[in-house]
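Below is one structure, written out as structure tokens, with a few remarks after it.
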């Protein structure tokens, strides 16, 4: 068969695969509809959300079914993901929110009030636990409105040197942040450690009931854990409530560096939010709460990332659910 013949065959096979994918999607949609119905019934009767014994029995039946290509381990791996999604789907009927074991903080970077309103509606639908309101991209005044306040509100006005969009002077940036603190009474306020000393001291003095997240963003890479440890000791001299250390990952090992740093910080009594940005940093975003981070930042949806490598609430919750189930099976 010549090259054109092979290319034609590939095109034909891809068309068949796409048709099968559409059928799989239709079947999965019907399955999840039934899962929701079962979830409602379980919640009504007070039954447990998971039945691991039944799942294992079903897995054994599926793995022993005749197949053309799939081996038992591949079948098991696929359906473990499906079962994990089913658990997440049913959680909404057992709790006020479909949350996993850790809090998700969605970062919003609105350009105006209309965009913020649209995002808040989606936040309510996704039942996110926390919200970070970024002021540095807004072109006008922002307001959360009655009944739109999440369980936890983080207020941020990110400086350009650390990945933000605020174009004014530092004095103006901090003034705007303090103005919104008075207006919105946030639970947390994010303050960059490299903010000029006088401005930094003024904001900390006026924080009120808000907790200060003293943050540092290393955009060029991920230093060794020892360097991050020394950095945290220096940051702690300002006496913040929570510390945030973010790096940029260029390889998988960078995520491991951050996780080791978080483990050390927890052992020293620090409350630290830490992760690496970029695609190689996603592992640190998923695992950071296991190493002491009080919450994990997320994007509201695909294409709405406030930082490179941000995952959606659904991706984080599914990762945590699957991880918990795999560890339980170990």
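Rule-based calculations on the coordinates, nothing more; no lab input. Owing to the predicted nature of the structure, the values given are computational and were not obtained by experimental measurement. As a convention, Cβ positions derive from the backbone with ideal geometry for all residues, glycine included, and neighbour counts pool all protein chains shown.
Overview of values
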{"read-out": "Inter-part distance where the stretch 278-317 and the stretch 43-59 are each reduced to a Cα centre, Å", "value": "29"}
{"read-out": "Exposure proxy order (Cβ contacts within 10 Å, fewest to most) of 38, 246, 258", "value": "38, 246, 258"}
{"read-out": "Using a Förster distance of 25 Å, the FRET efficiency for residue 114-residue 175 (Cβ separation, nearest 0.05)", "value": "0.50"}
{"read-out": "Length added when fully stretched, residue 236-residue 63, from 0.36 nm per residue minus Cα-Cα", "value": "56.9 nm"}
{"read-out": "P(r) tail fraction, the chain - alpha-carbon pairs more than 30 Å apart, %", "value": "46"}
{"read-out": "The chain: angle of helix 3-45 to the longest principal axis, Cα-based, in degrees nearest 10", "value": "80"}
{"read-out": "FRET E, pair residue 323, residue 139, Förster distance 30 Å, beta-carbon r, rounded to 0.05", "value": "0.15"}
{"read-out": "Label-point separation in nm, residue 268 to residue 160, each point 7 Å along Cα→Cβ", "value": "3.3"}
{"read-out": "Exposure proxy order (Cβ contacts within 10 Å, fewest to most) of 75, 286", "value": "75, 286"}
{"read-out": "Angle in degrees between helix 52-63 and the longest Cα principal axis of the chain, rounded to the nearest 10", "value": "50"}
{"read-out": "Cα Rg, Dmax, the stretch 3-91, angstrom units", "value": "17.6, 62"}
{"read-out": "Least to most buried among 154, 82 (fewest other Cβ within 10 Å first)", "value": "82, 154"}
{"read-out": "Cα gyration tensor shape for the stretch 160-234, rounded if a/c is under 1.5, else prolate or oblate", "value": "prolate"}
{"read-out": "Segments 43-53, 122-132 sorted - mean Cβ within 10 Å per residue, highest first", "value": "122-132, 43-53"}
